[in-house]
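Report on the structure given below.
Derivation of every value follows stated rules applied to the coordinates shown; laboratory data play no part. Keep in mind it's a predicted model, so treat the numbers as computed, not measured. Cβ coordinates were reconstructed from backbone atoms using ideal geometry, including for glycine residues, and neighbour counts include every protein chain displayed.
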Amino acid sequence: MMQSRRTFLGTALATGLTAACATPVRSSAATSADIEWMTDGARGLFPDGAHLESLASGYTWSEGPVWDRVRNRLYFSDVPGNICWTWSEAGGAQEFLNPSGIPESQALGFREPGANGLAISRDGRLLICNHGKRAVETMDLDTGARAILTGTYDGQKYNSPNDVIEAQDGTLFFTDPPYGLEGMNASPLKEQTANGVYRRAPNGTVTRLIDTMTFPNGVALSPDEQTVYVSQSDPEAPVILRMAPDGSGAGILFDAAAYMSDDAPGLPDGMAVARSGHICATGPGGVFILSPAGEALARINTGKATANCCFGDADGQTLYITAHDTLMRIRTTLRGVAWS
């Protein structure tokens, strides 16, 4: 999520292009493939005939997709709408959590009180970045019980946790920009001195890994978990950083500045990593497929500002994409890290 994205969204709302109260509907209509090849050999990243499909639409800003391999369904959030949804092949899009964050009656001082990034933990629970509670939560998918894993750092409330990923040992990495707060950095509710990137150890100890990013957003891990990727949704510095799990050695993996244009809305945001080490990273114009070294190999042109993506389906080779008001998918030859 990001300032220029919000400007885009505000313009769309003003002209009636999105409908916050629209009922998302399933669509089986497929659009023509729109894949931009940037290097020789990149065509092997997609099977012959791969094309974008629009699965559901009508959201204000769709985000945080994650695939549930046990229940064979996708979870994703409409952050301004304060609703989490599920999608499955059999049932289409269905409301899952409403409100996803906190009730609107309790949301004084918040611009977005709903849930944002989602992840599935090692024990099968749903991890939720809850703007309204300013916390990272866990939810038992069988009982619906929710509990806060971390809500403060150094005795102060987080801004509005945005995205989260869990390592095999239970360590969490998450970002904390101010997007959930009214006025963002100027909000009187803001307690943290930085928009940080954090690590929560299995014993509950929280460490701020980096405090110099303006708008940290998406977070992901390399397949060997020796590298943490963090996107920065700042039009002045639209980059993806890489660093060691302890925060050391931070440097730029990918700079999206050269790809920004009026015809390519969006900024670096969410990411999904393949077992091969390829990174599917949202950015200007859609979703970039990056090599493990950060080279742009191809771009899936969604035609709109794109928030996030994840691998799904039984074989882990379908990329599900939350693009502004629409849930999309496309088949790839890559496979998500969770699939053996």
Notebook entry, point to check: Loop-only check: which trypsin sites (Lys or Arg not before Pro) in the range 86-129 are DSSP coil with at most 14 other Cβ within 10 angstrom?
Noted result: Arg122
Next item on the list: Neighbouring Cβ atoms within 10 Å as the yardstick, rank His278, His131, His51 fewest first.
Entry: His51, His278, His131
Item checked: DSSP loop GluC sites (Glu not before Pro) with at most 14 other Cβ within 10 Å: longest gap in the chain -> 90-235
Check: How far apart, in nm, are the 7 Å Cα→Cβ label points at Ala293 and Glu104?
Finding: 5.2 nm
Notebook entry, point to check: Label point 7 Å out from Thr205 along Cα-to-Cβ: which residues of the range 240-280 have amide N under 16 Å?
Noted result: 245-248
Next item on the list: Under a 10 Å cutoff between Cα atoms, tell me which one of Ser100, Ser54, Ser261 has the largest fluctuation in the Gaussian network model of the chain.
Entry: Ser261
Notebook entry, point to check: In nanometres, what is the gap between the two model label sites at Glu182 and Trp37, each 7 Å from Cα along Cα-to-Cβ?
Noted result: 5.2 nm
Item checked: Size of electric dipole in the range 3-331: Cβ of Lys, Arg +1 and of Asp, Glu -1, about Cα centre, debye, nearest 20 -> 420 debye
Notebook entry, point to check: Ranking Cys129, Cys309 by Cβ neighbours within 10 Å, fewest first, what do you get?
Noted result: Cys309, Cys129
Margin query: Need the list of lysines near Lys190 for cross-linking: C-alpha distance under 21 angstrom, and skip anything on the same chain fewer than eight residues off.
Written below: Lys133, Lys157
Check: For the chain, what's the relative contact order in percent, using C-alpha pairs closer than 8 Å and at least 6 residues apart?
Finding: 16 percent
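Please work out the Kirkwood hydrodynamic radius for the chain, using every pair of different C-alpha atoms, and report it in angstroms with one decimal place.
19.5 Å
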Next item on the list: Towards the positive end of the charge dipole of the chain, with charges on Cβ (+1 Lys, Arg; -1 Asp, Glu), say which of Ile165, Thr152, Asn308 has the farthest Cα.
Entry: Thr152
Next item on the list: Would you calculate, for the chain, the mean residue ellipticity at 222 nm contributed by helices, counting each DSSP H stretch of 4 or more residues as -39,500 (n - 2.57) and dividing by all residues, to the nearest 500?
Entry: -1000 deg cm²/dmol
Notebook entry, point to check: When the chain is modelled as a GNM with alpha-carbon springs shorter than 10 Å, which of Asp142, Asp313, Asp163 fluctuates the most?
Noted result: Asp142
Notebook entry, point to check: When the chain is modelled as a GNM with alpha-carbon springs shorter than 10 Å, which of Val164, Val206, Val70 fluctuates the most?
Noted result: Val70
Next item on the list: Work out, step by step, the length gained on full extension between Asp224 and Ala258: first 0.36 nm times the residue separation, then minus their alpha carbon distance; give nm to one decimal.
Entry: 9.3 nm
Next item on the list: Find the centroid of the Cα atoms in the range 147-192 and in the range 63-77, then give the distance between the two in whole Å.
Entry: 22 Å
